[in-house]
1. Projecting each Cα onto the charge dipole of segment A:388-494 (Lys/Arg +1, Asp/Glu -1 at the beta carbon, about the Cα centre), which of A:A451, A:F489, A:A438 comes out farthest on the positive side?
2. Tally Lys and Arg at +1 and Asp and Glu at -1 over the other residues with C-beta under 11 Å from the C-beta of B:G199: what net charge comes out?
3. Keeping all protein chains in the complex and leaving out DNA, RNA and ligands, what accessible area do you get for A:E428 with a 1.4 Å probe, in Å² to the nearest 10?
4. Residues of segment A:351-380 losing 50 Å² or more of accessible area relative to the isolated chain, 1.4 Å probe, heavy atoms only?
5. I'm a student and want to see the number: the projected area of the Cα convex hull of segment B:435-493, averaged over all directions, in nm².
6. Taking only Cα atoms of chain A, what ratio of Rg to Rh do you get with Rh as the Kirkwood inverse-distance radius?
7. Please tell me which of these pairs span more than 26 angstrom C-alpha to C-alpha: A:K440/B:K76; B:K76/B:K209; B:K5/B:K76; A:K5/A:K156?
8. At B:G276, with labels set 7 Å past Cα in the Cβ direction, how many nm apart are the copies from this one, shortest first?
Number of protein chains: 2
Amino acid sequence: MPALKSRVMGAEDAAALIQDGTTVGMSGFTGSGYPKAVPLALAAHIVAQHEAGNPFRVSVWTGASTGPELDGALAKANGIEFRLPYNSDPIAREKINRGEMNYFDMHLSQVAPMAWQGFLGPLDTAVVEVTGITADGGLIPSSSVGNNKTWLDRAKQIILEVNSWQNPALEGMHDIYYGTQLPPNRVPIPLVRPDDRIGEPLFRCDLDKIVAIVETDRPDRNLPFAPPDEVAFAIAGHLMDFFAHEVRVGRMPANLLPLQSGVGNVANAVLTGLVGSQFENLTAYTEVLQDGMLDLIDSGKLRMASATAFSLSPEASERINADMARYRDRMVLRPQEISNHPELIRRLGCIAMNGLIEADIYGNVNSTHVMGSRIQNGIGGSGDFARNAYVSIFMTPSTAKGGAISAIVPQVSHVDHITQDVQVLVTEQGLADLRGLAPKQRAALIIGKCAHPDYRPMLEDYYARASLSSYGRHAPSLLSEALSWHQRFIETGSMRLA
Amino acid sequence: MPALKSRVMGAEDAAALIQDGTTVGMSGFTGSGYPKAVPLALAAHIVAQHEAGNPFRVSVWTGASTGPELDGALAKANGIEFRLPYNSDPIAREKINRGEMNYFDMHLSQVAPMAWQGFLGPLDTAVVEVTGITADGGLIPSSSVGNNKTWLDRAKQIILEVNSWQNPALEGMHDIYYGTQLPPNRVPIPLVRPDDRIGEPLFRCDLDKIVAIVETDRPDRNLPFAPPDEVAFAIAGHLMDFFAHEVRVGRMPANLLPLQSGVGNVANAVLTGLVGSQFENLTAYTEVLQDGMLDLIDSGKLRMASATAFSLSPEASERINADMARYRDRMVLRPQEISNHPELIRRLGCIAMNGLIEADIYGNVNSTHVMGSRIQNGIGGSGDFARNAYVSIFMTPSTAKGGAISAIVPQVSHVDHITQDVQVLVTEQGLADLRGLAPKQRAALIIGKCAHPDYRPMLEDYYARASLSSYGRHAPSLLSEALSWHQRFIETGSMRLA
């Protein structure tokens, strides 16, 4: 479009349109589809301003995590005043944990609705990566959808990055639902299977709001794939046995139910386990499509996967780019308020599989705060899925840091998932099916099945003494010891007794 | 029906049909509509069995809390092996906290789906209070709906109590939705306004499963109404100001959004506050209809209230019984999997207002466990509403036990509601609007606005020291002190420093 042609410019010129003290809504979800040029240029601009003695900081909203050219560069430039809804960048994490950056860690399903609701304040600029602009002004989404629809709708001005590195065959994979409303005007979301398409393939956009178009040709942050280790395969093995059992006793269909899976080593081991399993005709309704999902599709086991973003290794990224048209028939990317919507997760009956930092003997889960105060990444979508799942599974190696940390502790130092939302807990040691159990029944199972043998006697000792002298014996605890394992780790570098 | 006439019998004969070691699903939700004769007879039977040296205990499932003739009598008889999903009976509470009864404290929306899912085990007997049986075999629900539909569907045998104390004009107030399914067959629930009727007025029932019909004429457990005190009115005042502000800035419609309100002193003060407010044409989508809701209806302010049960004082109960046909037009009672359904709460955009035991400086809320281990009642529906509300409000007096306990503590001793689900915190001291804030911003507001002046300096001192030496400074904490206020209360009877 000629009108838009005139707005094509370099990243520096585009970044200069962003003002100090404003809020920028950026694209990006787990290292996919984030803008790669404008944030870098903005960071350079901020550094220059700081060197000139001028204050310059912005609030940054995204879908979830992004890449080093966005969070890393802006954090390094001391350019982020406030960040939501999720971060996994190490430089930003360090700033947050030094108390130098405010971070609002959110349920990912709620970001868009809360932005519409208005209390987060106005959105000044959207910076969104797309793969193209159609002749009639539709925007072709990139490798993540995230909150882009909402940023484009709400921002006063829009900066687009058109990334030619992204595969043009992505067009048609997306399903952008425009039926959301604020109450009292909300209606049922008409999705009843992970396959359903309920929206449009393109973003609508008020072209008058586009103030800059920047052309890029840069890859997503695709991290090398760490192959699962023995511990991860042991966890996956316990889970395969559990699924087989649930099908056998009639509590799950033979093709299971839509899978939700986090990223990483253990998640990939589980997906690999499913490749080698008896289960057929599987579906996924999840946040991200990782390497293991591609393997499952290639194996013919996974019929359909719905998500909001890719999260791939460079190799998997090459694989999918070489054959995008075929994969496109088996994948849908949706806005994150739809991929993570409680209404849909509960309706579909997802099998939720998430990692954790630590769990306690009653099954409370800490997914975010190391030693209770130091945030690792964020709650992400785990709360959306865990509370609404048909079965909510949490999985973790039983120890971390070479055995210095037990993943099972007397009391978690921070809670992200309450016992009611933690139904199955799995470590390489075993699987605890906690469904329908009272606290003391849960404690016996978790200590017996999930704890590492090095820490099991310490947990048994704590629990036995708590059972004798706790204030209440519904969920026995010793308040003066409940967090002592964490304190010991801070003081000595290990949760083990000297 | 003649076939049913032959099954009319006394409570003792009916109770004798219940076997040791089985599971009984009873009606009842907050002291309404629970069976009043068979549980008492069962308790007597159990006592006799125990005296004869025979073991006899049952598992008891209900809607929520019940009355002394059910939980109290069975707990006193040592007759309950396992209890779900909620308890507020003092005798049962004592057994639970002595470690003598297993109690599975659940999200109330999940009870029925989990029963269908099967992992809770089989349901042997349903004992359900109804107000009548129609000529063609439909059951007229009583003053609560709870999980009765599910108990009637799933139980191997059914015992009915037909209570002539209940008002026959209740007929037609209920809306029993029969469209629920297990995944993958779930579909959208077609409710878009609190007023919508999506089901049937009667329970369906396989009459062949009815093994006993017991006639009763006994009142619900309607507790005297404690009029709100100054503290409760101060909390309500802050909330009225907040609502007015939200309407003024355009974040809420002029008639607000469907109200969810817990029971008790503070909740009733808020409803009384609404009676005297500028708000008109209100609706409620909530668990229970308490005295304040009747006042709101009588004032003409509340157009429509949807719930699963009544929870009234004897006076309010008389008022409603004297004029049931009129109230019936403004009330719907639904199964609790519908009154508390996350899909519906999020769609309607409820304003959730719940009480708490304690909150911490970051906004984590403990609703259930006194000093971390002694359960008070249970999470009930607070999790269903808090996570899915348009605005999630928690309210409490800033101190308890004559000032010996601060409702605001450095770290809660148990978590039911994570910071993401706690958006507004109100005490008589003030209101903290925590929406969109990072942990340190929340801490400043909670300490400054909500804490009691007697405890504020202690909280400021803790927080200042934590900010200097915490392991991470995203949400500063001192692990060795975080639970020390609770420990001090256990040891000295007060959280105050000596």
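The values are calculated or read from the model by the stated rules, or taken from the named source; none is laboratory data. Computed from a predicted structure; not experimentally measured. Heads up, the Cβs are rebuilt from the backbone with ideal geometry, glycines too, and the neighbour counts pull from every protein chain shown. For accessibility, only protein heavy atoms count, side chains too; no ligands or nucleic acids. Shrake-Rupley method; radii C 1.70, N 1.55, O 1.52, S 1.80 Å.
1. A:A438
2. Every neighbour counted, the sum reads +1.
3. Rounded to the nearest 10, that gives 40 Å².
4. For segment A:351-380, once contacts with the other chains are taken into account, A:S373 lose 50 Å² or more.
5. Answer in nm², one decimal: 4.6.
6. That ratio equals 0.99.
7. Too far apart for the 26 Å limit: B:K76/B:K209; B:K5/B:K76.
8. 7.1
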